[in-house]
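Inspection log for the structure reproduced underneath, given as structure tokens.
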Amino acid sequence: MSATWRGVARKDVEDAIRSRMVWGLTGIFVVFLTLLLLAFQAQAPAGVDVGTVEALGFVATLAQLFVPLVALVAGYMAIVGERRSGSLRVLLSYPFTRRDVVLGKVVGRSVVIGTALLVAFLVGAAVATLVYGPPAAGSFAGFVAVALLFGLAFSGLAVGVSAATTTRGRAMALSIGTYVGLLFFWRPLVAGLYWAVNGSLPGLRADAWYFLLKRLSPLEAFRVLQSRVLGTEVAEAVGIPVEDVPADATAEQLEIANRVAGEVPFYLQDWFAVVVLVAWGVVPVALGYLRFRDEDI
Amino acid sequence: MSVIETNGVTKRYGSGEGAVLAVNDLDLTVEEGEVFGFLGPNGAGKSTTIDVLLGFATPTDGSAEVLGHDAVTESEAVRERVGVLPEGYGLYDRLTGRRHLELAAEWTDAAADPVAMLDRVGLDADDADRVVGDYSKGMTQRLALAMALVGDPDLLILDEPSSGLDPNGIRLMREIVREEAEDGTAVFFSSHVLGQVEAVCDRVGILHDGRLVAVDTVDGLREAVGAGSTLKLRLADDPGAAEDGPGEAPGIDAVGDLEGVEGIDAVGREDGLLTVSCSDPRAKARAVSMLADAGIEILDVTSEEASLESVFAAYTTGGEGSILSDRDGDPEGDGRDGSDDGADTGREVVA
């Protein structure tokens, strides 16, 4: 294996194994998943029959907080860390291109985070089976696939940030800023824009562009997809009430088809959320690469 | 073919008033198979120059070719055939020394024997299996040197290779540089220590404030250095220092004869010490052996080397005690005229 992105990826995974990052991440995800599955059972009112799907929906809600955070922490130092330690100068003294470095790091961190998530889901599946009975294979597989995509999107975002920055502090600030921004500010900003344009907050029915902007958030895209594969509405992790929607609105009323006028445009179809998540993984990497390519190290 | 050729390479950091000109209009040529010393104080722009050669930094102006490939657009092709010990590098703390060399071999498509490589730089099999995080600075430097040698490169670029090494390590490093050079590998060796460069290099380029001040053969450099060096000797029964005056004590002739020795400019006395100013560092040993042969007991010897600054001054001003005129055997010559002749003897005054 000569100096290609594979070499970078392999070394990165090897380093992550040695640093016990893989074990740490796997442990965190396993504990997170197990605790949530058990907690959901414990908090269910007596007499109410809760099933696996509801439990997974509950996990999906909190995963919006948890998965991005862990992926960002695991990835934000990927390149800037090597830059600061000087090992990037050694690595690049071999015939790697800057592209090899970025691509290799994206793949390496994705393997690390993906492995941690998969192992955790295996354990989670066992726990869920014990507590709630065996989950439906289809919806569980869908749940895992969407969560994996979600984790990889944030691992791409993290490596992109890491490629674009030259100090640890900046990489950390940009990662945390992105996380907090997505979690707390995205929806209020989009609703605020709607208010600025239309003079009122979005109600049960609103313009299609409002829903598009809302769904361009990876958290919302994840929620939409998980709701779809689980067949039950997954709640937002941070539900800031910015829409003028009655509290007793039914699930049917809240369906996107009933909230926009006419045909549902393609960008509000559920599959489009996959595109959104992929874009969150790829675009920051591309931008980070362009920055890294032309930068002195 | 030249292994390194730069044309007007300029590197400016920042812009406007705060801009720093790290390298200024550098024209440098390093020939195949030679050991080229790149001498200059810290901050002179040596590492920046190397960064440009390796594609770590893009020059603001000018161009550089390494092994016939453009340093900016064909950086991968350059780095395929160059072994590098970079400045300010770090290794992977959690990987073993052996693993580092295995990776280096993979990345250069070379068949490497990690244990043999480690042995070459003076690390043993136990060290091979320790993680680099437990290495001392010197061990790390040895490992990094071994990594640079993997894949038998055509050009070695060593940036301050002796930093962190103990005297044994430095000796070993020099041996390796010589062996590689005998093998036909060109070596580009940067250092802020005069003695390091003098000991291994064929030619020397002197960088000061981002400018290439001079390029000279190492003999020329030796003279420049020698020009400013002084030997100080404390003698038992120093005849000159005795109250009785000269005449009786043994060896007085020997002291007097020193002035006639080639490479010695002046003999004087200072604080009870005999001072011998040399234009050629080799004259120091001659002086010591002459005195010893004459039966004079030498209690102590110290030598003051010319500082880097005075070497720069020797090259740039070409004035006082000009090495240029001395070298060309032109007693009347001033340094400026001598510079033309200097090119014939390998010296080239750039600024």
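The values are calculated or read from the model by the stated rules, or taken from the named source; none is laboratory data. In this text the structure is predicted, and so the values were computed from the model without any measurement. Here the Cβ positions follow ideal geometry from the backbone for every residue, glycine too, while neighbour counts run over all protein chains shown. Heads up: the accessible areas ignore ligands, DNA and RNA and are worked out on the full protein's heavy atoms, side chains in. Shrake-Rupley method; radii C 1.70, N 1.55, O 1.52, S 1.80 Å.
The set of residues from region A:228-263 being without any contact (Cβ under 8 Å) to a residue 12 or more places away in the chain and either open to solvent by less than 40 Å² (accessible area, probe 1.4 Å) or part of a loop (DSSP other than H, G, I, E, B) (or both) comprises A:G239, A:P241, A:A247, A:D248, A:T250, A:E255, A:G262, A:E263.
Annotation note: of A:L225, A:L182, A:L152, the sole residue that is open to solvent by 30 Å² or more (accessible area, probe 1.4 Å), within 15 Å of the chain's Cα centre (by Cα) and at pLDDT 95 or above is A:L152.
Residues of region B:62-82 that are touching an Asp or Glu at 6+ places or on another chain (Cβ under 8 Å) and over 17 Å from A:T97 (Cβ atoms): B:G62, B:S63, B:A64, B:E65, B:L67.
Considering A:P45, A:P68, A:P95, the condition of being open to solvent by less than 20 Å² (accessible area, probe 1.4 Å) and part of a loop (DSSP other than H, G, I, E, B) is satisfied by A:P95 alone.
Within region B:109-134, can you find the residues that are open to solvent by less than 40 Å² (accessible area, probe 1.4 Å) and within 14 Å of chain A (Cβ to nearest Cβ)? Those that are open to solvent by less than 40 Å² (accessible area, probe 1.4 Å) and within 14 Å of chain A (Cβ to nearest Cβ): B:A110, B:A112, B:V132.
Condition test on B:L156, is it modelled with pLDDT of 95 or more, of a type outside the set (D, E, K, R) and not in a helix (DSSP H, G or I)? Taking the combined requirement at face value, the residue satisfies it. Taking the conditions exactly as written (part of a helix (DSSP H, G or I), buried (at least 23 other Cβ atoms within 10 Å of the Cβ) and over 20 Å from the mean Cα position of the chain (by Cα)), does A:V101 satisfy them or not? Considered against the rule, which asks whether it is part of a helix (DSSP H, G or I), buried (at least 23 other Cβ atoms within 10 Å of the Cβ) and over 20 Å from the mean Cα position of the chain (by Cα), A:V101 comes out as yes. For region A:110-149, the set of residues classified as β-branched (V, I, T) and crowded, with 22+ Cβ neighbours inside 10 Å consists of A:V112, A:I113, A:V146, listed by residue number.
Tell me whether region A:2-10 contains one or more residues that are within 14 Å of chain B (Cβ to nearest Cβ) and surrounded by fewer than 16 Cβ atoms within 10 Å (Cβ to Cβ). Looking through region A:2-10, at least one residue is within 14 Å of chain B (Cβ to nearest Cβ) and surrounded by fewer than 16 Cβ atoms within 10 Å (Cβ to Cβ).
The residue list A:G75, A:G27, A:G86 contains one member that is closer than 30 Å to B:L85 by Cα and more than 14 Å from every other protein chain (Cβ to nearest Cβ), which is A:G75.
Just a yes or no: is a residue in region B:40-53 free of Cβ contacts under 8 Å to residues at least 40 places away in the same chain and open to solvent by 60 Å² or more (accessible area, probe 1.4 Å)? So far as region B:40-53 goes, yes, one or more of its residues are free of Cβ contacts under 8 Å to residues at least 40 places away in the same chain and open to solvent by 60 Å² or more (accessible area, probe 1.4 Å). When you check A:V260 against the structure, is it under 19 Å from the mean Cα position of the chain (by Cα) and among the β-branched types (V, I, T), yes or no? Judged against the criteria, A:V260 is not a match.
In region A:11-24, the residue that is most open to solvent (accessible area, probe 1.4 Å) out of those that are within 12 Å of chain B (Cβ to nearest Cβ) and of a type in the set (G, A, S) is A:S19. Cβ separations smaller than 6 Å between residues 6+ apart or across chains give the following pairs from region B:165-193 residues that are surrounded by fewer than 20 Cβ atoms within 10 Å (Cβ to Cβ) to residues that are hydrophobic (A, V, I, L, M, F, W, C) and assigned to a helix (DSSP H, G or I): B:R174/B:A199; B:R174/B:V200. Cβ separations smaller than 6 Å between residues 6+ apart or across chains give the following pairs from region A:155-166 residues that are closer than 21 Å to A:V22 by Cβ to residues that are among the basic types (K, R) and open to solvent by 10 Å² or more (accessible area, probe 1.4 Å): A:S155/A:R109; A:V159/A:R109. Select from region B:89-104 the residues that are more than 10 Å from every other protein chain (Cβ to nearest Cβ) and open to solvent by less than 10 Å² (accessible area, probe 1.4 Å) and write down the one among them that is nearest to B:P153 (Cα to Cα). Selected residue: B:L101.
For (1) in a loop (DSSP other than H, G, I, E, B); (2) touching a Phe, Trp or Tyr at 6+ places or on another chain (Cβ under 9 Å); (3) surrounded by 15 or more Cβ atoms within 10 Å (Cβ to Cβ); (4) assigned by TED's automatic domain parsing to the domain that holds B:E179, each residue gets a yes or a no:
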| site | (1), (2), (3), (4) |
| --- | --- |
| B:V9 | no, no, yes, yes |
| B:E17 | no, no, no, yes |
| B:L21 | no, yes, yes, yes |
| B:N24 | no, no, yes, yes |
| B:L28 | no, yes, yes, yes |
| B:G33 | yes, no, yes, yes |
| B:G37 | no, yes, yes, yes |
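For region A:179-218, how many residues are among the basic types (K, R) and either over 18 Å from A:Q269 (Cα atoms) or in contact with a Ser or Thr (Cβ under 9 Å, 6 or more places away or on another chain) (or both)? Residues that pass the stated criteria total 1. Checking each residue in region B:159-187 for being among the aliphatic types (A, V, I, L, M) and outside any loop (DSSP other than H, G, I, E, B) picks out B:I170, B:L172, B:M173, B:I176, B:V177, B:A181, B:A186, B:V187. Listed by first and then second residue, the pairs with beta-carbon distance under 7 Å, at least 6 apart or on different chains, first residue in region B:69-88 and more than 10 Å from every other protein chain (Cβ to nearest Cβ) and in contact (Cβ under 8 Å) with a residue 12 or more places away in the chain, second buried (at least 18 other Cβ atoms within 10 Å of the Cβ) and assigned to a strand (DSSP E or B), are B:A71/B:A64; B:A71/B:E65.
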